[in-house]
Protein chains: 2
Amino acid sequence: MSKSTIDDVAALAGVARTTVSRVLNNQPNVRAEVRDKVLRAVEQLGFRVNPQARQLAGKKALRFVLVHASDFDSEPNSYFSSALELGATRAAARLGAQLITHVVNQNDPHAARQILAQAADDQCNGVILTPPFADDPALLRALAAQDCRVVGIAAGPESQALVETIGIDEERAGHDMAAHLLAQGHRAFGFIKGPAQHRSAEGRYDGFLAALAEAGIPASAVQAERGNFTFRSGLDCAQRLLGPDRTITALVCANDDMAAGALLAAHKAALRIPQDIAITGFDDTPVSEIVWPPLTTIHQPLRKMGERAVERLAQLAGGSPPDPAAPPLHEIVPHHLVPRDSSGMALQ
Amino acid sequence: MSKSTIDDVAALAGVARTTVSRVLNNQPNVRAEVRDKVLRAVEQLGFRVNPQARQLAGKKALRFVLVHASDFDSEPNSYFSSALELGATRAAARLGAQLITHVVNQNDPHAARQILAQAADDQCNGVILTPPFADDPALLRALAAQDCRVVGIAAGPESQALVETIGIDEERAGHDMAAHLLAQGHRAFGFIKGPAQHRSAEGRYDGFLAALAEAGIPASAVQAERGNFTFRSGLDCAQRLLGPDRTITALVCANDDMAAGALLAAHKAALRIPQDIAITGFDDTPVSEIVWPPLTTIHQPLRKMGERAVERLAQLAGGSPPDPAAPPLHEIVPHHLVPRDSSGMALQ
DNA sequence: CATGAAATTGGAAGCGCTTCCAATTGTTCC
DNA sequence: GGAACAATTGGAAGCGCTTCCAATTTCATG
């Protein structure tokens, strides 16, 4: 169980460590024959580069901060934050970077100031901000002023103009969900939105409406409610939409938790799902598979987003100074529709 | 935003790096006056040790493997695995260790062989096994035979006798849940167990029965069903227990997902929760707060368990050879009862 | 074949830190 | 005061790897 080092590879391949390093890092000026010899030695020894050593030697000690939002002063008990951080820490480990996580109470009036102080304290190369912090332009500007790079997660258009951001194409996702339901014959829709300040999620509704408009269904025909991403708000909104005078045959919820609440409301109203009412969510968190029937939803790759955020910061830290004239990049990660039984059947 | 190094601290404190290192690592033979001077310099500079450099210099390059179980060949979409891994990666990062994760299909007859091959391939110092792999004695013995240290997560008594393990006190947890319900006046119970091969979770039922026995309620009076930890199995079992001839006032489920299914069954049967039937879960996953009413449950600190697993492996890798006569250590991490509205009121 | 240029390879320093062995300082005893 | 011992501190090597600059080899041209 002893670990091979670059010196072992060099000895076996009969070259210097410099050459091994060149091969492993895809640098030029290595003959193909030497490259093959090195790669064979790597394979034979089962060599794995030590990322810590690589990072240290490369003079690129990197340290990033991930800021979680919470309603309390303790860590959020949520899949969103766990998955995002898991992706981020995996990427950091791979790159030999340090990732420091902080939890900030989103209801604290001093939240922004706290984030600024922590970023300075931590002497970090960059900060990953989650909603709602990613949608706070003043905070984004203040971080830039203290020379701190930022990647915003699921941030709205205003933030996209200020800092690097990552998210799914929310409008396209909403459009895809509507298209799925339209293809099943639905023409009468309800929609439970998320919080108004969640700018990116508003795009879900916009895309949904755009797809309906293409099918000749005006926005005024949609029965919309506003929830706050919780099961309870989904239950309450759905009870209003699924009352005795119900006209809708499909209810789209802006996240899975609210959709789970809407499922309960439908069960309580003795409605068959999806025959009487199809119900769909967003995000593909574990909840979407836990409930009955399992939810049709849009998969948002949270882990991937965490990874990309770290990788983006690493690029920013390692590259040339940013071109001030170039706008920040909004990176779109792919979403996909996950059809499940909550919308599994075409309308009769 | 420049990072301080140990040399900066040494210069400011007027000592050698060796002395700074001694202070930071709590080594003896440093006068208190010198120690204070160093710590002040650390504070003033906001110095943070670089764990990569520490690990590399300390000649303790560590690499661990975490094996997730899945029903597919892709990564499980579950809070259990995410939280465990998050704890493990955080601890690994802090210790400057590498953590490699693998996903193994638990239904694959070659699963054990796959794990063995991967551990050897990865040249790792140790393996963290999750259920059901942690409950496979043959696998545990085979890993030991290839000189691979193991920490099992939530493993049953048989595994506890073979390898290092970590879990909550399942019996005490089951006992605490029963005591909570007994204190609210409940005397007629149902219980939805987990899968029979999940040895550790059987302890939940044992502890539950022990508490009832103390209150003079025999095991034969409990209506028990067996689920498989899924929402659907919870729904099905609960429908049998909550039928028109229902006699129970409290239903304890061996995990939160089944409890969420039981909640739906209760809602469908038009039962008030908790007035007509109290329903409780186990594990305190995000689901427990997402449903309505929120679930009383037992908090199992998954992240902590992941952390401790890595720390335990690091200790095993760094210490003296294990005493063959000493039994492996079963580490108990604290659980606690989380009372919520699903059992929030005393019986009328 | 000789020369110059380009391509390829290697020696060695050093990233931030730990640790081994040497050097220095302090304490105790006669 | 001197010797012996203990406590404290520091110099320097080196962890696994990258990278800068030097050395060597290869290629092209006259």
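The values are calculated or read from the model by the stated rules, or taken from the named source; none is laboratory data. Note that the structure is predicted; figures quoted are calculated from it, not measured. With ideal geometry, Cβ positions are generated from the backbone for all residues, glycine too; neighbour counts draw on all protein chains shown. Only protein heavy atoms, including side chains, enter the accessible area calculation; ligands, DNA and RNA are left aside. Shrake-Rupley method; radii C 1.70, N 1.55, O 1.52, S 1.80 Å.
Below is a table of values for the structure above.
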quantity	calculated
Accessible surface of B:Leu116 - all protein chains present, 1.4 Å probe, nearest 10 Å²	40
Inter-chain shielding of A:282-291 (mean C-beta neighbours from other protein chains, 10 Å cut-off)	6
Peptides A:232-240, A:19-27 ordered by average Cβ neighbours within 10 Å, highest first	A:232-240, A:19-27
Tilt relative to chain B, helix B:256-268 - C-alpha long axis, 0 to 90 degrees, to 10	30
Averaged over B:191-204, number of beta-carbon atoms from partner chains that fall within 10 Å	0
Pairs of alpha carbons in region A:225-348 whose separation is greater than 19 Å (percent)	54
Convex hull per residue volume in Å³, alpha carbons only, for region A:170-299	89
Whole-number percent relative contact order across region B:6-49, with pairs defined as alpha carbons under 8 Å at least 6 apart	44
0 to 90° range, to nearest 10: angle between helix B:302-318 axis and chain B longest Cα axis	40
Total accessible surface hidden between A and B, rounded to 100 Å², 1.4 Å probe	4800
Helix B:111-121 axis, angle to chain B major axis (alpha carbon atoms, nearest 10°)	10
Interchain or long-range residues, amide H under 5 Å from A:Leu99's placed H	A:Phe64
Whether chain B is rounded, prolate or oblate, judged on the alpha carbon gyration tensor where a/c under 1.5 counts as rounded	prolate
Mean ellipticity per residue at 222 nm, deg cm²/dmol - from DSSP H runs of n ≥ 4 across chain A, formula -39500 (n - 2.57)	-13500 deg cm²/dmol
Evaluated over the protein assembly as shown, the Cα radius of gyration and Dmax, each in Å	27.5, 84
DSSP beta bridge pairing in the protein assembly as shown, given as percent antiparallel to the nearest 5	10
Translational diffusion coefficient (Stokes-Einstein; Kirkwood radius from C-alpha pairs) of region A:160-232 at 25 °C, 0.890 mPa s, in µm²/s	188
Global form of region A:119-159, assessed from the alpha-carbon gyration tensor, a/c cut-off 1.5	prolate
For B:Ile290, solvent-accessible area (1.4 Å; no DNA, RNA or ligand), Å²	20
Percent accessible area from carbon and sulfur atoms, region B:170-299, protein chains only, probe 1.4 Å	49
Point-to-point label distance, A:Asp36-B:Asn26, nm (Cα→Cβ direction, 7 Å offset)	5.6
Residues whose placed amide H lies under 5 Å from that of B:Ala155, excluding near-sequence neighbours	B:Ile166
Extension gain, A:Ala183 back to A:Ser74 (0.36 nm per residue minus Cα-Cα distance, nm)	34.8 nm
Projected area, mean over directions - region A:6-49, Cα convex hull, nm²	2.5
